[in-house]
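The values are calculated or read from the model by the stated rules, or taken from the named source; none is laboratory data. Since we're looking at a predicted model, the values are computed, not measured. All Cβ positions, even for glycine, are placed from backbone atoms using ideal geometry, and neighbour counts span all protein chains on display. Protein only, heavy atoms only, side chains kept; ligands, DNA and RNA dropped before computing areas. Shrake-Rupley method; radii C 1.70, N 1.55, O 1.52, S 1.80 Å.
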Amino acid sequence: MGFLSGKKALICGVANQRSIAWGIAQAMHREGADLAFSYPNDKLKSRVEDLAAQVASDIVLPCDVSSDDEINSLFRNLGQCWDGLDILVHCIAFANREELDGSYLDTVTREGFALAHDVSSYSFAGMGKAALPLMEGRNGAMLTLSYLGAVRSMPNYNVMGLAKASLEANVRYMAQSLGNRSIRVNAISAGPIRTLAASGIKNFKAMLGHFETIAPLGRAVTIDEVGNTAAFLCSDLASGITGEITYVDAGFSTVCLSDRLLGKTS
Ligand code: NAD
Ligand code: 0WE
């Protein structure tokens with residue numbers, strides 16, 4: 001019996017089989033959870049339906065998180081399928097592409113700042129709020145995905161870094177807000193992974209190479225590794241953990257100087 005058996009999880013942010021959300025869905029399915037999925041627009045609907053079928057799910061509902069109406073109808077629709085929800089997984093981020101290329105002050109705009117924070121940070125609180133009636137009284141868990149650019153400056157990550165800083169603060173405030181209802185709220189800060197959101201990012205290959213040089217494990221992380229940690233954090237095995245940012249980054253964020261840069265090979 002898996003450590004998530006009997007749990008119902010909503011996974012938001014699957015775009016394709018490379019999505020981090022898909023790694024999370026597979027791990028949660030393996031551990032016995034029942035799954036539902038959301039998709040943001042008609043273009044992605046059939047792809048998400050096909051992936052959902054692979055993990056025995058036929059609950060696939062629309063939700064563009066930039067709309068309160070869509071967030072509210074997502075949970076109204078989910079309530080027609082399930083009588084409760086144990087796990088909410090948020091793997092959603094967006095900033096204007098032009099603002100992820102160039103120096104921060106050259107690229108940031110008032111509108112782009114608001115959009116990045118709205119879709120990538122507020123939406124977690126907005127979904128948490130709307131999910132609450134279904135999650136009450138079940139020792140539930142919410143999880144989101146962050147990146148080291150939240151707490152360190154990073155070329156080109158720019159306004160997304162600020163949005164991730166806000167998202168990480170959201171994790172702490174949501175954890176405080178929901179603690180007395182026994183709902184836990186956490187984030188995983190993942191190392192760089194080649195996904196749709198990383199495609200077309202300037203110098204991504206060079207960044208991955210640098211990452212592999214510095215990270216103690218000497219390699220990138222996989223969506224399966226993020227998925228396993230996500231499954232743990234959302235399970236009763238992690239009942240004492242809330243408000244936390246857990247790094248799944250092959251140790252990258254813990255390093256000051258790497259052996260490999262001093263020419264050592266072992
Ligand atoms: P991805 O492109 O597969 O997933 C991003 C998802 O966000 C997509 O499914 C997209 O449909 C969804 N999305 C964007 N705008 C939306 C909106 N308005 N409404 C609803 N959904 C919307 O890429 P990914 O890398 O799996 O990204 C998932 C999460 O992981 C993001 O929060 C990202 O910031 C984070 N992350 C990614 C990396 C990486 O290197 N790939 C590293 C750390 C954290
Ligand atoms: O969070 C992210 C990327 C999120 C993202 C990606 C895109 C590309 C397409 C948000 N909005 C958009 N908008 C688009 O139009 N990551 C952690 C991956 C990532 O993105 C970077 C990185 C890394 C790592 C951008 C610049 C530098 C590093």
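If you filter region 159-185 down to residues that are open to solvent by less than 20 Å² (accessible area, probe 1.4 Å) and closer than 20 Å to residue 102 by Cα, you find that the one that is farthest from ligand 1 (Cβ to nearest atom) is 159. Listed by position, the strands (runs of 3 or more DSSP E) contained in region 58-155 that have at least 1 residues being without any contact (Cβ under 8 Å) to a residue 40 or more places away in the chain, surrounded by 15 or more Cβ atoms within 10 Å (Cβ to Cβ) and away from ligand 2 (no atom under 13 Å from the Cβ) are 60-62. Checking each residue of region 245-255 against the condition of being away from ligand 1 (no atom under 16 Å from the Cβ), open to solvent by less than 20 Å² (accessible area, probe 1.4 Å) and not aromatic (Phe, Trp, Tyr) gives no match.
If you check residue 218 against the conditions, is it of a type in the set (Gly, Ala, Ser) and at pLDDT 95 or above? Taking the combined requirement at face value, the residue satisfies it.
Residues are listed down the side, and each one gets a yes or a no for (1) open to solvent by 10 Å² or more (accessible area, probe 1.4 Å); (2) in a helix (DSSP H, G or I); (3) within 11 Å of ligand 1 (Cβ to nearest atom); (4) at pLDDT 95 or above:
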site	(1), (2), (3), (4)
6	yes, no, no, yes
11	no, no, yes, yes
15	yes, no, yes, yes
18	yes, no, yes, yes
23	no, yes, yes, yes
26	yes, yes, no, yes
29	yes, yes, no, yes
37	no, no, yes, yes
43	yes, yes, yes, yes
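The residue that is most open to solvent (accessible area, probe 1.4 Å), counting only those in region 188-206 that are near ligand 1 (Cβ under 8 Å from one of its atoms), assigned to a loop (DSSP other than H, G, I, E, B) and touching a residue at least 60 places away in the same chain (Cβ under 8 Å), is 194.
Just to be sure, is residue 52 assigned to a strand (DSSP E or B), modelled with pLDDT of 95 or more and either in contact with a His (Cβ under 7 Å, 6 or more places away or on another chain) or buried (at least 20 other Cβ atoms within 10 Å of the Cβ) (or both)?
Details: assigned to a strand (DSSP E or B): no; modelled with pLDDT of 95 or more: yes; either in contact with a His (Cβ under 7 Å, 6 or more places away or on another chain) or buried (at least 20 other Cβ atoms within 10 Å of the Cβ) (or both): yes.
For residue 52, the condition - assigned to a strand (DSSP E or B), modelled with pLDDT of 95 or more and either in contact with a His (Cβ under 7 Å, 6 or more places away or on another chain) or buried (at least 20 other Cβ atoms within 10 Å of the Cβ) (or both) - is not met.
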